[in-house]
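Colleague: This is the structure I want to talk about, given as C-alpha cells.
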Amino acid sequence: MSLDLPLTRNVRADRSPTDLKAYEANGGYRGMKAAIGKLSPADCLQIIKDSNLRGRGGAGFPTGMKWSFVPMDDASPGHKYLICNADEMEPGTFKDRLLLECDPHQLIEGMICAAYTIQADLAYIFIRAEYHKAAELLREAIAACYERGYLGNNILGSDYSLQMQVHSSAGRYICGEETALISSLEGKRANPRAKPPFPQVSGLWGRPTIVNNVETLCNIHHIIERGADWFQGLGLTEDAGTKLYGVSGRVKRPGCWELPIGTPIREIIERHAGGMEDGYRLRGFLPGGGSTDFLTPEHLDLAMDYGTIGKAGSRMGTGTMIILDDKTCPVGFVKNLMEFFARESCGFCTPCRDGLPWSAQVLDDIEGGRGRPEDMDTLARQVEFIGAIGNTHCALAPGAMEPLQSAMKYFREDFERHISGSACPFCDGGAH
C-alpha cells in the first residue's frame, strides 16, 4: 500500500473495483477502527483541523473549520446528516468517477469517519444520475458493510450507529451547490438557498448537515489513521496532501493522476499527460474545470495549488485542466461553455436566468459571423455585472463568466477577427 498516494492505492490497471475482502487486505477500515471507540469526535475533529485538508470539490474551504460549525453534544439534540456530493457535473471533471468506480469502500470508510466526527446518524451519497456503474458498486459495498457490522447499529460494539444510502440525482449541474443539493434531496426544486443559516446549523430538513466532495471524504480515514503531520508532509507547498489532477483536450495521454498538491502545471501536462498531440500547440487552459479563468503558457511553471493559482488570476477548482489548442476557436470554446451554464441555471435570479442566455446568444452571433463591434462592450458589461459575487443568488453565473472574461483578456484578437471578417477564422479546417 502506497503511503504517498493514498487515494489511488487500490486502483488497478484494468480499473476493476476493489471489493471488501481486497480492501481490508490492503489496510482498509483501519482508519475507522482507529476512530470509533478509541478517539472522541472532538479528537477526530482536531486531527482534521491540524491536517490542513481543504475541500477538493472546488472551493478549497478548510474541512476541519467547516465541520467545527456543527453544534455538538447537547447544543443540538436530534438527527445530524452527512452528505457526499458525488454529483460530478463540472465540465472537464472526472476525478471523482475514478474513486467511485475503482474503490467504493474508500469513500464509505471516509464517510463513516466523517459522520462519527460530527455525530451524524444518517449519511447520503448524492450521485450524478449518469453514474450508473458507480451507484451500483456503492450499493453493493454498503450492503457488504452492513453485513460486516461497519454500518448499522452499534458499529464495532460502540454506542455509535450510522445508516447510509445512495441517492441518484435527477441530473442538474446546480446540484453541485450544496444548498441546491439539499433542496433536491428533500424532493424540492433544486434551487440554492440563502445563507445564513448555513447547512452546518440548518441543512437537510432543518437539521445540522455537512456536505463534502468525494475526494475530500476519501482523505478522512487516512488522516485519522496516520496523523496530521503525515498528511501535511505529502504536499509540495503550503497546501497539504495529494490531489487528483486531470487533463483533457489535445494531449497525448488525457487522464487523471494522484500527485502531491502543488505539482507544477508543466509537469502535469508534459510528463503525465504526454504533452500536446503532434501538430498542435498549447494556447491556454482552464485549470480547474469549465468555470475557471483561462491561464496561458506563461503560467506553466506555477504550482497547482489554491493560493498560487488564485494569485495568477484563476482558481484551482477541481484541479482538472481543459486544454485549448491553437486549432480550436476560443470563441466557439467559450460559447459551448456558456450554452451549458445557461441551460443549467436554476432560473431563480434574473442575472443568471436571462443574462447567461443573452451572453450565449451574443457569442453565437460572433461565432456565426453576425457579430458587431458593440458586442464586445455588451459582453464586457455582462462580465462586470453577472460576474460580481453578490449580484446573483449563487455562484453559478459568476463562475460561468470566468472563462468568458479571461478569454476576452487573452484572446481578444480572436473575437475581433470574427467580427471584422464576419466569419470564424478557424472554420477552414479548424475545430470549433
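All of the numbers you see were taken from the coordinates with simple rules; none came from a lab. Predicted model, so just to flag it, every value in this text is computed and none were measured. Reconstructed Cβ throughout: ideal geometry from the backbone, glycine too, with neighbour counts over all protein chains shown.
Colleague: Just to be sure I understand: of the beta bridges DSSP finds with both ends in the chain, what percent are antiparallel, rounded to 5?
Modeller: Rounded to the nearest five, the antiparallel share is 40 percent.
Colleague: Can you give me the Cα centroid spacing of the range 184-226 and the range 1-74 in angstrom?
Modeller: Each part reduced to its Cα centre gives a spacing of 16 Å.
Colleague: Let me ask something else about it. Report the convex hull volume per residue for the range 170-266, counting only C-alpha atoms, in Å³. Spell out each step's value before the answer.
Modeller: Details: hull volume 15.6 nm³, N = 97.
Cα convex hull per residue, to the nearest whole number: 161 Å³.
Colleague: Could you state, as a whole-number percent, how many of the C-alpha pairs of the chain are farther apart than 31 Å? Please report the intermediate quantities before stating the final value.
Modeller: Numbers: 37933 of 93096 pairs.
In whole percent, the share of Cα-Cα pairs in the chain beyond 31 Å is 41.
Colleague: Right, next: Calculate for the chain the 222 nm mean residue ellipticity that helices alone would give, adding -39,500 (n - 2.57) per DSSP H run of length 4 or more and normalising by residue count, nearest 500 deg cm²/dmol.
Modeller: Working: 16 runs with 172 residues, N = 432.
Taken over the chain, the calculation gives -12000 deg cm²/dmol.
Colleague: Now for a different question. If you rank F340, F126 by fewest surrounding Cβ atoms within 10 Å, what's the result? Provide the component values of the computation, followed by the final result.
Modeller: Values: F340 17, F126 21.
Final ranking by Cβ density, sparse to dense: F340, F126.
Colleague: Specify whether the C-alpha gyration tensor of the range 1-95 places it in the rounded, prolate or oblate class, a ≥ b ≥ c being the square roots of the eigenvalues: rounded for a/c under 1.5, otherwise prolate if a/b is larger than b/c and oblate if not. Don't jump to the answer; show the numbers that get you there.
Modeller: Details: a/c = 1.97, a/b = 1.34, b/c = 1.47.
Taking the square roots of the gyration eigenvalues as a ≥ b ≥ c, the range 1-95 is oblate.
Colleague: Another question, if that's okay. Sort the range 125-214 into rounded, prolate or oblate with this rule: let a ≥ b ≥ c be the square roots of the eigenvalues of the Cα gyration tensor; rounded if a/c is under 1.5, and if a/c is not under 1.5, prolate when a/b is larger than b/c, oblate otherwise.
Modeller: Details: a/c = 3.11, a/b = 1.37, b/c = 2.28.
Since a/c reaches 1.5 but b/c is at least a/b, the shape of the range 125-214 is classed as oblate.
Colleague: Report for the range 20-232 the percent antiparallel among DSSP-assigned beta bridges with both residues inside it, nearest 5.
Modeller: If we restrict to bridges inside the range 20-232, about 10 percent are antiparallel.
Colleague: Which net charge results when you count Lys and Arg as +1 and Asp and Glu as -1 among the other residues whose beta-carbon is under 15 Å from that of F341? Please report the intermediate quantities before stating the final value.
Modeller: Details: positive: R172, K335, R343, R353; negative: E90, E177, D293, E339, E344, D354, D364, E402.
Net charge in that neighbourhood comes out at -4.
Colleague: How long are the semi-axes of the equivalent ellipsoid of the range 233-357, taking √(5λ) for every eigenvalue λ of the Cα gyration tensor, in whole Å from largest down?
Modeller: Working: eigenvalues 138, 75, 28 Å².
Taking √(5λ) for each Cα gyration eigenvalue gives 26, 19, 12 Å.
Colleague: With an 8 Å Cα cut-off and a minimum separation of 6 or more residues, compute the relative contact order for the chain in percent.
Modeller: Numbers: 864 pairs, mean separation 66.2, N = 432.
It rounds to 15 percent for the chain.
Colleague: Now for a different question. Relative contact order of the range 20-232: what whole-number percent is it, with Cα pairs under 8 angstrom and at least 6 residues apart?
Modeller: On the way: 378 pairs, mean separation 68.2, N = 213.
About 32 percent, as a whole number.
Colleague: Which of the peptides 271-280, 100-109 is most tightly packed, and how do the rest follow, going by the mean number of other Cβ atoms within 10 Å of each residue? Walk me through the intermediate numbers first.
Modeller: Values: 271-280: 15.2, 100-109: 25.5.
With the highest mean Cβ count within 10 Å placed first, the list reads 100-109, 271-280.
Colleague: Given the convex hull of the Cα atoms of the range 330-421, what is a quarter of its surface area in nm²? Mind showing how you got there, number by number?
Modeller: On the way: hull surface 19.8 nm².
Across all orientations, the range 330-421 yields a mean hull projection of 4.9 nm².
Colleague: Under a point-charge model restricted to the Cβ atoms of Lys and Arg (+1) and Asp and Glu (-1), what is the dipole moment magnitude of the chain relative to its Cα centre, in debye to the nearest 20?
Modeller: 440
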